[in-house]
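Scroll down for the structure; my scribbles are underneath it.
The values are calculated or read from the model by the stated rules, or taken from the named source; none is laboratory data. The shown structure was predicted, so the numbers you read here are calculated from the model rather than taken from an experiment. Note that we place each Cβ from the backbone using ideal geometry, even for glycine, and neighbour counts take in every protein chain shown. Accessible surface is based on the protein model in full, side chains and every heavy atom, while ligands, DNA and RNA are left aside. Shrake-Rupley method; radii C 1.70, N 1.55, O 1.52, S 1.80 Å.
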Amino acid sequence: DLHSTSRRQRQMCIRDRVTMELIRCFIYTLKKYAVFNGRASRKEYWSYILVFYILFIIATVIDFIIGIYVFGPFLAFVFLLPTIAVSVRRMHDVNKSGWFVLIPVYNLILTLIPGDIRENKFGNVTTI
């Protein structure tokens, strides 16, 4: 049926765009792997976290299959610095010190709330 084919094509197109946007945000964040100043939007932060966890789950499954736990820990180590950096910038987006990443539960709440809509003491509004 022509109508259902067109709908499937639109759904695939939307899914492809979402996937590409996630990857684009992830790469953008990785390029700022050691940048602790400035701000990170919710989109930048959660795109990075989602892609990281997908990669980590894949690495852990591979570890489980081969029986040697090396890929998961290696991936966690490699992405430790960019994860800390994007988390600190996310705290800055809500006008909090980067040290707030050390406060359990509250830091999660801060990652979920919208960032400042205007420039704050940590910089301009993010573009991504």
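Of all accessible surface on the chain at a 1.4 Å probe, what whole percent is carbon and sulfur?
70
Gaussian network model of the chain, Cα springs within a sub-10 Å range: biggest mean-square fluctuation belongs to which of R24, R42, R15?
In the Gaussian network model the winner is R15.
To the nearest Å, what is the center-to-center distance of the range 8-29 and the range 65-128, using C-alpha atoms only?
Each part's Cα centre sits 22 Å from the other's.
What helices does the chain hold that run 15 Å or longer along their axis, going by alpha-carbon atoms, with a Kyte-Doolittle average of 1.6 or more, using DSSP H for the helix calls?
none
If Lys and Arg each add +1 and Asp and Glu each add -1, what is the summed charge of the other residues whose beta carbon sits under 12 Å from the beta carbon of E119?
Here the charged neighbours net out to +1.
Quick one: compute the contact order of the range 21-100, relative version, from alpha carbon pairs under 8 angstrom and 6+ residues apart, as a percent.
Here the relative contact order equals 42 percent.
Under a crude label model (7 Å from the Cα following the beta-carbon direction), how far is I84 from M20 in nanometres?
3.5
Keeping all protein chains in the complex and leaving out DNA, RNA and ligands, what accessible area do you get for E119 with a 1.4 Å probe, in Å² to the nearest 10?
130
When all protein chains stay in place, what accessible area (Å², nearest 10, 1.4 Å probe) is found for I66?
Rounded to the nearest 10, that gives 90 Å².
When the helices in the chain are scored as -39500 (n - 2.57) per DSSP H run of 4 or longer and the sum is shared across all residues, what 222 nm value do you end up with, to the nearest 500 deg cm²/dmol?
-22000 deg cm²/dmol
About the Cα centre, and with charges only on the beta carbon of Lys, Arg (+1) and Asp, Glu (-1), how big is the dipole of the chain? Nearest 20 debye, please.
About 360 debye.
With each label point set 7 Å from Cα along the Cα-Cβ vector, what nm distance links K121 and L55?
About 3.3 nm, to one decimal.
Looking at the chain as a GNM with Cα springs under 10 Å, which of G98, G38, G67 has the largest mean-square fluctuation?
Result for the chain, Cα springs under 10 Å: G67 fluctuates most.
Please give the per residue accessible area of the chain, computed with a probe of 1.4 Å over protein heavy atoms only, in Å².
I get 68 Å² per residue for this part.
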